[in-house]
Amino acid sequence: MTPARESATPVLHNPPGYRLIEFGQLHSTNAFVLEHIDALAHCDVISAGIQTAGRGRLSRAWVSSQPENAYLSVVLKPPHEQAASLAAVTHFLAVVVCHALEAEGLAPAIKWPNDVQVSGRKVAGILAEARLTGAMLRGMALGLGVNLNLPEAVVAAIDQPATALNLLLGRHIDRGLFLRGLLDRFFGGLDRFLETGFEGVRAGYEQRASFLGRRLTVRQMQVEWTGVARGLDPCGALELECADGTVCRIQAGDLVTERGA
Ligand code: BTN
């Protein structure tokens, strides 16, 4: 489990409920998890000080050159009967991230499907990637990036409105403390979430969902839908009411505009 793109020996932490494996540098924690999926266990966490090829949704890059930020991937290999809940695991993680930011005194909002923003600027992104053999799930990499400590110039160069906790709070953020709080909360709620799926996090998600009731456009590859966000279905998919009154259920995409309904 030691490809050349890793730096040094990883440090292992073993708090109750999960195992945290910290690398100084990785190409991408998600890629690492998918490459080693059979050797890793459910609830392992791979974390990196920096990433050289951090990736985001829709083939975007995730700025990962700065240390003292959160770049991590949780390994998920739930029992077969709970695997359906994974459709909404990004929603669960988005709510957990919001709790961690609220503990710092911030007021985060979720931009569908799972960007976490403060004052309309992105502070955290989530990327879930599955490794399948045929229809069988071998495991999932649930990746999370949180901008904890970024210089203003780095934030300004990001290709979408973004910010970082140190800029919002005017102080350095203790990465270790933040990660510990976030992971304790995530693993403290994971079993219940896997039992309930999206319904177990619906209230926490909707309470922070900045897009509900608003007119918006969602882009998925070459396809675009415009309508009013009426709600979320039992799997967390967006229910968008289009101009002709039909309601589309959209699992994934990019929310490109958000205007008052
Ligand atoms: C997005 O909002 O586009 C998702 C960003 C996800 C970034 C994280 S950083 C840790 C993990 N490893 C990656 O390569 N990507 C995710």
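Odds and ends about this structure:
- Pair list, Cβ under 7 Å, 6 or more apart: region 111-124 residue touching a residue at least 60 places away in the same chain (Cβ under 8 Å), other residue outside any strand (DSSP E or B) and of a type in the set (A, V, I, L, M): 113/252
- Test: residue 186 is more than 15 Å from residue 68 (Cβ to Cβ), at pLDDT 95 or above and aromatic (Phe, Trp, Tyr): yes
- Test: residue in region 144-164 that is within 29 Å of residue 251 (Cα to Cα), at pLDDT 95 or above and among the polar types (S, T, N, Q): yes
- Pair list, Cβ under 9 Å, 6 or more apart: region 161-189 residue of a type in the set (Asp, Glu), other residue open to solvent by less than 50 Å² (accessible area, probe 1.4 Å): 174/148; 184/15; 184/18
- Hits in region 31-72 (condition: part of a loop (DSSP other than H, G, I, E, B), more than 9 Å from the ligand (Cβ to nearest atom) and small (Gly, Ala, Ser)): 39, 41, 65
- For region 19-30, filtering for residues that are over 21 Å from residue 186 (Cα atoms), in a strand (DSSP E or B) and within 13 Å of the ligand (Cβ to nearest atom) leaves 2.
- Scanning region 100-114 for residues that are open to solvent by 10 Å² or more (accessible area, probe 1.4 Å) and assigned to a strand (DSSP E or B) yields 109, 111.
- Given (1) outside any strand (DSSP E or B); (2) under 29 Å from residue 171 (Cα atoms); (3) open to solvent by 10 Å² or more (accessible area, probe 1.4 Å), number of the condition residue 97 does not satisfy: (3)
- Boolean, residue 135 is more than 12 Å from the chain's Cα centre (by Cα), buried (at least 17 other Cβ atoms within 10 Å of the Cβ) and at negative phi: no
The values are calculated or read from the model by the stated rules, or taken from the named source; none is laboratory data. None of these values were measured; they are calculated from a predicted model. Positions of Cβ are backbone-derived with ideal geometry, glycine not excepted, and every protein chain shown enters the neighbour counts. The area values use the complete protein model at the heavy-atom level, side chains included, leaving out ligands, DNA and RNA. Shrake-Rupley method; radii C 1.70, N 1.55, O 1.52, S 1.80 Å.
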